[in-house]
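I have placed the structure first, in the form of structure tokens, so that the comments after it can refer back to it.
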Amino acid sequence: MFTQPQQLVPPIAVSGSHPVTPHHIPSLKPGLFSMLVNGVPVATYSNKDYDFSYLSVGHGPLHLEISASFLINRAHVSPLKFDITPTISGDKLSATLPGPGYYIIQIGASNRLVVLADSCLLHPTASSGVGVWNVQGHGAAPDGTSISLTTAAFQSCLDAASASSDPNALVFVPPGLYAVGNLVLKSNSTLYLSPGATLRFSPEEKGSYKIHWHKDSQGRRPITWWISTAFGSRNIRVFGSGVLDGNGVAAARAGIGNNLLVPIATDRFSCEGLLFLNSASWACTPIMVTDGTFRDCKFVNRFSEAGENDGIDVMHSENIVVSRAVGIGLDDPFSTKTWCSESDIAASWPLPDGGQPPALRGVSFDDTLSWTICFGIKVGAGMWSPQEDIAFRNAVVYDSSIAVGIHFHSGSSRAKGVLFEDIDVENVTWTNMNISCWCALMVTGGGAGEEPPIQDVVVSDVLVRMSGRRHAVLAGQQGRAIERVEFKSVVMPGSTRPAETLEDMRFEGVKYVRNITIS
């Protein structure tokens, strides 16, 4: 049983001038490794396929001292671009990281330790007083019990904060393990999850959750929007160093999936600092959002047993920024998609009768780290409404089956104005759809529209350290040619100079593509 700590915020341990704050996750088991960060003990947690640690730190270098229960014969640290050389001595490893960020450390032949080190500890201006609703003060149980009472306490606080006239209305969640059902976020309010606060999905109480749609590709599995926004809402903020634990394996075994956070039909939405853990469907799905920001978000999923567990899929939204994020899991960590009103996922969307969802415009992903079996960074596969002005910048793909991709598989609209810039492809060891490559721009389905299906694409400043097991893909379809693709400064494995031809970049079978430039 989890015991409620006495402090609202855990004490900060300080080593030298750089504070280190470990974040407790009561719903997980300990990992294989013990670790010190700047001399401060930081717990590691097991997520079956890898271990991870979660902490907030000050600015400046981070010195790690890691101990294993076995002799370490090799190790390396990603992102490789930082050129970090670990030191090994028996069962111990030490390394100095350049500063806060997200890192993957390979220890031995197959063990991985993911370090999630945020750059600051996000605090509200107050944890009590006028304009602050503390969920424990309204009956929320911090020990993982009483889902009905806890859900009611959370929702009553959210409702009261929204209804107040205070522009800084805050719902405060102290450290604890909270079993909650569906929650609806409403206008002009803020939800703060303290370090050590974990909201946990409870599949053993699956009757407590509303079913919003059924996923056709998984045998019509029922999916719930665990936490969503009220339709027509605005000015909502969710932040803190807390955890949304989707309990994905147990949920999948119980026959239910969950979208952990669904900002839908809302304006001016922000999410900062949260750890999205083990979703049993797409973790975060901004749908019909105008002006949204997602910063310092961690999407930490399993590679098996939980289903299609994307990180963040931006859909039918405008002016969205995703920055400083890490995505780990079976399915696409960072993507954009569009659908039609008849699609399975759109069953509960607030659309007018006969109306279709709006276009997607102005979406930016910056400073991301991907580790997946599918696409590292991606546009598609749904293209039912236009997708345009999309940028992926400063991305590291630790591993994938397709590192960089646009996949037109369903719909009859288009993707236009897509930029992939400053991309570091470290590994491509997986195979999916019989494809294993650093880049795939492809049309494999859907219908003909009025414009080319994929057009005005720039792939720039890419370092490909591993190109994959198969050739890269650049292929439209008859009557649906890909138009205007520019490759700039793409450096392939074994070379220090930019590629000059499609063959240099390992493209084969190129077809139905017009106006390609390489520089």
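The values are calculated or read from the model by the stated rules, or taken from the named source; none is laboratory data. As the structure is a prediction and not an experimental result, all values here were calculated from the model. Cβ: placed from backbone, ideal geometry, glycine included. Neighbour counts: every protein chain shown.
The numbered conditions (1) closer than 26 Å to Gly362 by Cβ; (2) touching a Ser or Thr at 6+ places or on another chain (Cβ under 7 Å) are all true for Leu441 except (2).
On the given criteria, is Val428 farther than 14 Å from Ile373 by Cα and modelled with pLDDT of 95 or more?
Working: farther than 14 Å from Ile373 by Cα: no; modelled with pLDDT of 95 or more: yes.
So Val428 does not fit the description; no.
Given the criteria polar (S, T, N, Q), touching a residue at least 24 places away in the same chain (Cβ under 8 Å), out of contact with any Gly (no Cβ under 9 Å at 6 or more places or on another chain) and in a loop (DSSP other than H, G, I, E, B), does Ser412 qualify? The answer is no for Ser412.
Annotation note: Cβ proximity below 6 Å between a residue of segment 41-54 that is without any contact (Cβ under 8 Å) to a residue 24 or more places away in the chain and a residue that is among the basic types (Lys, Arg) (sequence gap 6+ or interchain) occurs for Ser46/Lys29.
Here segment 395-420 is the region considered, the condition is being over 22 Å from Trp430 (Cα atoms) and polar (S, T, N, Q), and the residue that is surrounded by the fewest Cβ atoms within 10 Å (Cβ to Cβ) is Ser412. The number of residues in segment 132-155 being surrounded by 17 or more Cβ atoms within 10 Å (Cβ to Cβ) and not polar (S, T, N, Q) comes to 11. Just one of the listed residues (Ala283, Ala265) is under 17 Å from Val326 (Cα atoms), in contact (Cβ under 8 Å) with a residue 24 or more places away in the chain and in contact with a strand residue (DSSP E or B) (Cβ under 6 Å, 6 or more places away or on another chain), and it is Ala283. Taken together, the criteria place Arg237 among residues that are surrounded by fewer than 24 Cβ atoms within 10 Å (Cβ to Cβ) and either out of contact with any Gly (no Cβ under 9 Å at 6 or more places or on another chain) or of a type outside the set (Lys, Arg) (or both).
Looking at segment 290-324 only, could you name the residues that are under 17 Å from Gly376 (Cα atoms) and acidic (Asp, Glu)? Once the filter is applied, which keeps residues that are under 17 Å from Gly376 (Cα atoms) and acidic (Asp, Glu), segment 290-324 yields Glu308, Asp310, Asp313. Among the residues of segment 370-384, is any touching a Gly at 6+ places or on another chain (Cβ under 7 Å), among the hydrophobic types (A, V, I, L, M, F, W, C) and closer than 21 Å to Thr431 by Cα? Yes, some residue in segment 370-384 is touching a Gly at 6+ places or on another chain (Cβ under 7 Å), among the hydrophobic types (A, V, I, L, M, F, W, C) and closer than 21 Å to Thr431 by Cα.
The residue of segment 165-179 that is nearest to Ile25 (Cα to Cα), among those that are surrounded by 16 or more Cβ atoms within 10 Å (Cβ to Cβ) and without any contact (Cβ under 8 Å) to a residue 40 or more places away in the chain, is Ala179.
Take the conditions (1) more than 20 Å from the chain's Cα centre (by Cα); (2) within 19 Å of Asp332 (Cβ to Cβ); His471 misses just one of them, which is (2). The numbered conditions (1) exposed (fewer than 15 other Cβ atoms within 10 Å of the Cβ); (2) among the aliphatic types (A, V, I, L, M); (3) modelled with pLDDT under 95; (4) under 30 Å from Val249 (Cβ atoms) are all true for Leu122 except (1).
Criterion first (at pLDDT 95 or above, out of contact with any Pro (no Cβ under 7 Å at 6 or more places or on another chain) and either buried (at least 22 other Cβ atoms within 10 Å of the Cβ) or within 15 Å of Leu277 (Cβ to Cβ) (or both)) does Gly248 satisfy it? It is true that Gly248 is at pLDDT 95 or above, out of contact with any Pro (no Cβ under 7 Å at 6 or more places or on another chain) and either buried (at least 22 other Cβ atoms within 10 Å of the Cβ) or within 15 Å of Leu277 (Cβ to Cβ) (or both). The number of residues in segment 421-461 being assigned to a strand (DSSP E or B) and touching an Asp or Glu at 6+ places or on another chain (Cβ under 9 Å) comes to 11. Here segment 368-409 is the region considered, the condition is being assigned to a strand (DSSP E or B) and among the aromatic types (Phe, Trp, Tyr), and the residue that is nearest to Val464 (Cα to Cα) is Tyr398.
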